[in-house]
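The values are calculated or read from the model by the stated rules, or taken from the named source; none is laboratory data. Computed from a predicted structure; not experimentally measured. Here the Cβ positions follow ideal geometry from the backbone for every residue, glycine too, while neighbour counts run over all protein chains shown. Remember, those area values only see protein heavy atoms, side chains included, never the ligands or the DNA or RNA. Shrake-Rupley method; radii C 1.70, N 1.55, O 1.52, S 1.80 Å.
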Amino acid sequence: MRKTIMLIAVALMTLGATVLTATPASAHGYISSPPSRQAFCAQGKVPNCGDIIYEPQSVEGPKGQRSCHGGVARFAQLSDESKPWPATSVGTSVTFNWVLTARHATSTWEYYIGNTRIALFNDNGRQPGATVSHNVSLAGYSGRQKVLAIWNIADTAMAFYSCVDLQIGGGNPNPTPTPTVTPTRTPTPTPTSTAPSGTWRAGTAYAVGAQVTYAGASYRCLQAHTSMAGWEPPNVPALWQRL
Amino acid sequence: MSRILANRTPLSRTPLSRMPLSRMSRGCLALGIAAASVLAASACGADAASHHHAGPAPDGAAPAPGVTTPVAGGTAPATDDGTEADAATRPAESDTPAGVFNAADVMFLQMMIPHHRQGAELAALAKARSAREPVRTLAAAIAATQGDEARTMTDWLRAWRQPLEAEPHAHDAHGGLHVTPAEEAEALAGLRGAAFDARFLNVLIAHQHNAVEMARTELKTGRNPQAVELARRIERSRSEQIRQMLAELSS
């Protein structure tokens, strides 16, 4: 009897471990502003980033590393210094903001420039809030610098890695300016127009009353928005009324 | 355990199900916990229940063993492997005339509905608080579309005669419910202008990342064509929303 139970226990433990590792990574976190390298990749502002564009929150590697990709081979592009990583201009201090998709109990948050740890925040195993911000002094540094941020998880051997390129104390960080992000506005639609104003396209700012055609049908915009894949008119009745 | 476990999880086809549950629960506390975690994980998706632990069945041969329902008109489910054991233990709902679905579909909808509602509530905060017109516009569109989608998903679960909510902690093995804590919404409600925008965007970006992850799980494990198509649209639109919000943060 006891032997049976032990066998069952072992079987279940094994099953449990397999289930837990088989579930999709619940992912985790990265620095959103100033934009980290993975944040730029997820926005499409740096080309050929590879897999990281789909999951900027997943740069999870064993603790103690000093690389932007945390030793995760499929994210190696993050450590490619030949890529045109934009640098964000900052003064003598900067506030780093994290996007957290899982609030893991946290031991510490570390910030490095080169081999020097410029800041350490000890959470003593606490669970972080929905967002985390750290103000870090950059005193003694100037010009272009790469900050490596590390989120050390309290109850696992893992950490999350995020690199942020900064231009400290003035100077032109980027020879060519990063493109502005404001979407181009469509011409003001004429509400009285009866003819469709064009074929629906992703990436267009539509105002209330704008009319489009999509798959042979006409629609009127009910709610201002910038269009995107997944928000095609027949799929989002909250945004488009079929005419 | 939950109704969904009792009715839909293909226990009879897993090695686990051949173990006497009553004896297990008498065994020891750790054993009970282990059993609970396995069952919870199984309930969270057909992937965990079938692909990895269904024993000798070849991976991919039956994406949704035992939990498919006949399509309207009585056509035999394509995924049914036709064994007698399966026929004998097919869930009672198999005559639901609402199309084919599996436990992963149900779990996806059960997780997505509260996630959507909360996202819509978060987004609604921006109207009176954000200093940026693009943020207010995007948030209003998110609130409107997610409200719609939540209603659609609720209708599907009702048509399938499935509970609208899973048992508490049934999603723990998937990292919890992926909802943003209520206290965060309260904190946001007290902010205005730039302070609101910075915090709001980071919270909503994380929230939508989680929606993308749940949608990807459904794309891999779901069976119902409508739910899978919704997951595809969620994955695309939320990825684009994240892109726009990241751009707002850095502008």
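Quick notes on this structure:
- When the alpha carbon coordinates of segment A:61-144 are projected onto the principal axes, the ranges are 36, 34, 22 Å, largest first.
- The modelled label-to-label distance between B:Glu133 and A:Ala105, using points 7 Å beyond Cα along the C-beta direction, is 4.9 nm.
- Segment A:Asp155-A:Ala205, extension gain: residue separation times 0.36 nm, minus the distance between their alpha carbons: 13.5 nm
- In plain terms, the chain from A:Gln241 to A:Ala73 could stretch by 55.8 nm, reckoned as 0.36 nm per residue minus the Cα-Cα distance.
- Solvent exposure of B:Ser239, expressed as accessible area, is near 50 Å², computed with a probe of 1.4 Å over the protein chains only.
- Association of chains A and B removes close to 4400 square angstrom of accessible area from solvent, both sides included, for a probe radius of 1.4 Å.
- Segment B:Arg151-B:Ala189, length gained on full extension (0.36 nm per residue, minus Cα span): 11.2 nm
- Between A:Lys83 and A:Ser142, the FRET efficiency estimated from the beta carbon spacing at R0 = 25 angstrom works out to 0.65.
- Here's the list of lysines a cross-link from A:Lys83 could span, going by alpha-carbon distance under 24 Å and ignoring same-chain residues fewer than 8 apart: A:Lys45, A:Lys146.
- Estimated inter-spin distance, A:Thr95 and A:Arg66, nm [label 7 Å along Cα→Cβ]: 3.1
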